[in-house]
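This report refers to the structure that appears directly beneath it.
The values are calculated or read from the model by the stated rules, or taken from the named source; none is laboratory data. Not measured: the values here are computed from a predicted model. A quick note on method: Cβ atoms are made from the backbone with ideal geometry, for glycine too, and the neighbour counts reach across all protein chains shown. Protein only, heavy atoms only, side chains kept; ligands, DNA and RNA dropped before computing areas. Shrake-Rupley method; radii C 1.70, N 1.55, O 1.52, S 1.80 Å.
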Amino acid sequence: PVMASYMFADVVPGSVSEQDQLQRIRNTRNKSKKDEIQGKIIFCKDCDTSYTTNDIVQMSLGYHKRAVEQRSQHNAMLSRNGDMEISSARRDIACYRMPYDSDSMHPSESELALSFFDILEARLILLRATYDEHDYMHRPGCFKKGKECRFNLGKQACMETALHVEEAMADGSNVEDWYRLDQVEPLQTTPYLVETRRSMGSQFMNTHSIPVSFVMTCNTNMQVGVLTHLFYATAYAFKDTQKEDSERFIRIGTQVIKRLLRMKQIAATNAAQENREVEEQVPDFGEGLSMILSCMNANMTKAICSSTMAHLLILSKDGQRFEYSHGFSNILVGQMEDVLEGGEGSFRIRSNFSKTTGETVRWADSSVDDYVYRSERLDHVS
């Protein structure tokens, strides 16, 4: 196998066209210019032909398909003219079954891989392309904040993860103070960017977690190095939804008003044609109720919810959109201060009864201990 970066490139550093190539990648984020580029930001180093990231994925899948066909008599025609012809349903099944088929999947060069779906690399590519690939044509939600994709995709390929720290300006306008519990002096920082490794063909790939997506078989859009995400998740549960909550009532009221105006206009037109004055109608409760019910029915027909989403909303705990792996608990500030100042800190006496020894064991329980005695093996877990 040949690495895609040996044959293809999106930007040639130091070349005359470097800035034009970078601008072309930037233009794929633009709401109007993306239609001109059609995702073709990768070019062949030999023939200079332009390709999309989907083309690179198809080439890779085709390679694995040909490799297994050379070793096996099983020739299920998944490809034709070099393109993989896999239905969306079959692709979804291949992704859903990743954790269940893990024992039967083997590397591409292994003699044990007897079919295309037994190849580990091919299944991983399908998983990435199905759940973590951002469409180069984008979606309406991408431009909710402006004319450029709010997810900043596509991006230039990056061979290794890099940390870009902005230099402090002379007037200090880009310097922020971070206050810490264990030190009096604040930590002065400048804006920074964590650019994760992005191989050739992954220009529109979301930052994801491979282990989590392998087990959960779903989108695992991960964000790295942004402290504000903690505040976003906290504030999201308390955000103002008055506009969304009142939208249905406003829609119903608008429909009722339109119907009343239309009936009034019809009555005026009929009176003019018959050369008479418009009769003043006496308010009728039944007719008004009928209008309200018909408008409510028209409104509810627009609120369509799939069975999967309905099941999730019904069973979701407390109706929250986010589901956390662990519950929340309060950390007493007094305990933190006592420990940071060298004291023992306050604690609670807890006890457990051992059925094996028949004894009651008591110990001091403090939430600070979760940090003081945290295992080093959990350092990579946030």
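Just one of (1) surrounded by 12 or more Cβ atoms within 10 Å (Cβ to Cβ); (2) outside any loop (DSSP other than H, G, I, E, B) fails for GLY141. It is (1).
Out of the range 47-60, which residues are loosely packed, with under 12 Cβ neighbours inside 10 Å and among the polar types (S, T, N, Q)?
Scanning the range 47-60 gives a single hit, THR49.
Of all the listed residues (LEU181, LEU127), the sole one being over 24 Å from ASP55 (Cα atoms) and touching a residue at least 60 places away in the same chain (Cβ under 8 Å) is LEU181. As a summary of the residue check, LYS65 satisfies the conditions (1) closer than 22 Å to CYS142 by Cβ; (2) among the charged types (D, E, K, R); (3) touching a residue at least 24 places away in the same chain (Cβ under 8 Å) except for the one numbered (1).
Cβ separations smaller than 6 Å between residues 6+ apart or across chains give the following pairs from the range 84-95 residues that are over 19 Å from PHE214 (Cβ atoms) to residues that are at pLDDT 85 or above: MET84/GLN58; MET84/LEU61. At least 3 residues being within 28 Å of the chain's Cα centre (by Cα) is the threshold, and among the helices (runs of 4 or more DSSP H) wholly inside the range 1-47 those reaching it are 18-27, 34-37.
Checking the structure you have, find out if any residue of the range 307-322 is under 27 Å from the mean Cα position of the chain (by Cα), modelled with pLDDT under 65 and under 30 Å from LEU181 (Cβ atoms). Yes, the conditions are met somewhere in the range 307-322. Consider the range 11-46 and keep the residues that are open to solvent by less than 30 Å² (accessible area, probe 1.4 Å) and touching a Leu at 6+ places or on another chain (Cβ under 9 Å). The one that is modelled with the highest pLDDT is THR28. Number of residues in the range 1-10 that are open to solvent by 70 Å² or more (accessible area, probe 1.4 Å) and of a type in the set (Ser, Thr, Tyr) equals 1. Pick from the range 206-232 the residues that are under 22 Å from PRO191 (Cα atoms) and part of a loop (DSSP other than H, G, I, E, B): which of them is modelled with the highest pLDDT? Among residues in the range 206-232 that are under 22 Å from PRO191 (Cα atoms) and part of a loop (DSSP other than H, G, I, E, B), the one modelled with the highest pLDDT is ASN206.
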